[in-house]
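Every number in this text was worked out from the coordinates using simple rules, so none of it is lab data. Note that this is a predicted model, so its numbers are computed, not measured. Every residue, glycine among them, receives a Cβ derived from its backbone with ideal geometry; neighbour counts consider all protein chains shown.
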């Protein structure tokens with residue numbers, strides 16, 4: 001079955017760190033660019049970061065640049081998002097998403113993992 | 001960054017109605033636009049890409065049109081399963097992908 005499954009969310013204090021993972025199955029993971037997209041409670045969608053299929057190119061939203069780091073392990077079919085210096089406004093459900101053509105839209109999404117930044 | 005503005009923010013409609021949602025870009029994005037449907041507690045689902053291309057498996061009552069800065073998503077005959085929130089997304093600027101704020105389609 002073609003699917004993405006996120007994990008690693010939870011409650012973290014402001015200034016803390018967290019690493020999210022996204023396990024992919026059912027498709028050739030290394031062939032596709034991937035992204036993280038987040039959604040704050042009751043709010044809209046916000047793109048966070050993207051990475052090419054090889055992992056050689058990465059992109060970040062201004063809101064997370066310098067604090068978040070995207071990476072992938074194609075041997076494990078897993079995408080990661082390392083988050084540091086977390087702030088209250090980083091509280092959101094984080095989705096990983098597959099980019100079918102490398103142009104920036106998403107045809108497959110995971111269920112999401114909730115990150116709550118609070119003291 | 002390219003700003004995406006959807007209208008209306010909320011739309012009340014009945015089953016069988018023709019529904020149109022508009023998305024405007026702050027600068028030309030050619031046809032680099034996608035539409036998604038999201039239901040409460042669920043991940044978004046791709047409906048349309050490249051402004052007017054229907055994703056495989058999506059019912060033909062959904063259609064997209066437009067280019068440049070103005071785009072529309074049309075549902076030709078609203079079905080009970082279509083009550084949801086819809087988002088447009090531009091992908092002209094890969095290093096700064098942006099979504100519209102969403103349009104909630106409610107039961108009238």
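Okay, here's what the table says:
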quantity: Selected residue (criterion: nearest to the chain's Cα centre (by Cα)) from residues of segment B:8-45 that are more than 13 Å from every other protein chain (Cβ to nearest Cβ) and closer than 29 Å to residue A:59 by Cα; calculated: B:22
quantity: Unique residue being within 14 Å of the chain's Cα centre (by Cα) and either within 19 Å of residue B:90 (Cβ to Cβ) or away from every other protein chain (no Cβ under 14 Å) (or both) when the list is A:88, A:61, A:92; calculated: A:61
quantity: Among (1) under 23 Å from residue B:88 (Cα atoms); (2) within 13 Å of chain B (Cβ to nearest Cβ); (3) in contact with a strand residue (DSSP E or B) (Cβ under 6 Å, 6 or more places away or on another chain), the one test that residue A:32 misses; calculated: (2)
quantity: Flag for residue A:16 being surrounded by 13 or more Cβ atoms within 10 Å (Cβ to Cβ), over 14 Å from the mean Cα position of the chain (by Cα) and outside any strand (DSSP E or B); calculated: yes
quantity: Yes/no for residue B:90 being within 11 Å of chain A (Cβ to nearest Cβ), more than 22 Å from residue A:36 (Cβ to Cβ) and out of contact with any helix residue (DSSP H, G or I) (no Cβ under 8 Å at 6 or more places or on another chain); calculated: no
quantity: Flag if residue A:109 is in contact with a strand residue (DSSP E or B) (Cβ under 6 Å, 6 or more places away or on another chain) and facing chain B (nearest Cβ under 9 Å); calculated: yes
